[in-house]
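Engineer: After the structure tokens below, expect a handful of questions from me.
The values are calculated or read from the model by the stated rules, or taken from the named source; none is laboratory data. Please read all numbers here as calculations on a predicted model, not as lab measurements. A quick note on method: Cβ atoms are made from the backbone with ideal geometry, for glycine too, and the neighbour counts reach across all protein chains shown.
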Ligand SMILES: [Zn+2]
């Protein structure tokens, strides 16, 4: 559901100085390798609850949809998603991603 994606630079709320969203850290040597798959199914309501700054490609979004959660990776027009997890699991993976412990 790309139409529901919201970010700072896409609309009227253009960021003029600095970045407000976090950037992912460089992956550590023994980081967890996530499986990135092409989007296979668009849930009706996807809620993006966290995101990284889109000044860098790829950027990542933590999505909630239909009782599950997953992470979406966007690089130019290329979108990939992780498997679906529970909110709690996805939150843990999201933190690992930001900290460079997963990619
Ligand atoms: Zn940035």
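Engineer: Considering only residues that are in a loop (DSSP other than H, G, I, E, B), modelled with pLDDT of 95 or more and over 15 Å from residue 79 (Cβ atoms), look in the stretch 31-52 and name the one that is farthest from the ligand (Cβ to nearest atom).
Structural biologist: The selected residue is 33.
Engineer: Taking the stretch 74-98 only, how many residues are more than 16 Å from the ligand (Cβ to nearest atom) and part of a strand (DSSP E or B)?
Structural biologist: Looking only at that region, the number is 5.
Engineer: Identify the residue in the stretch 30-46 that is farther than 21 Å from residue 67 by Cβ and touching a residue at least 60 places away in the same chain (Cβ under 8 Å) and, among all such residues, is surrounded by the fewest Cβ atoms within 10 Å (Cβ to Cβ).
Structural biologist: 33
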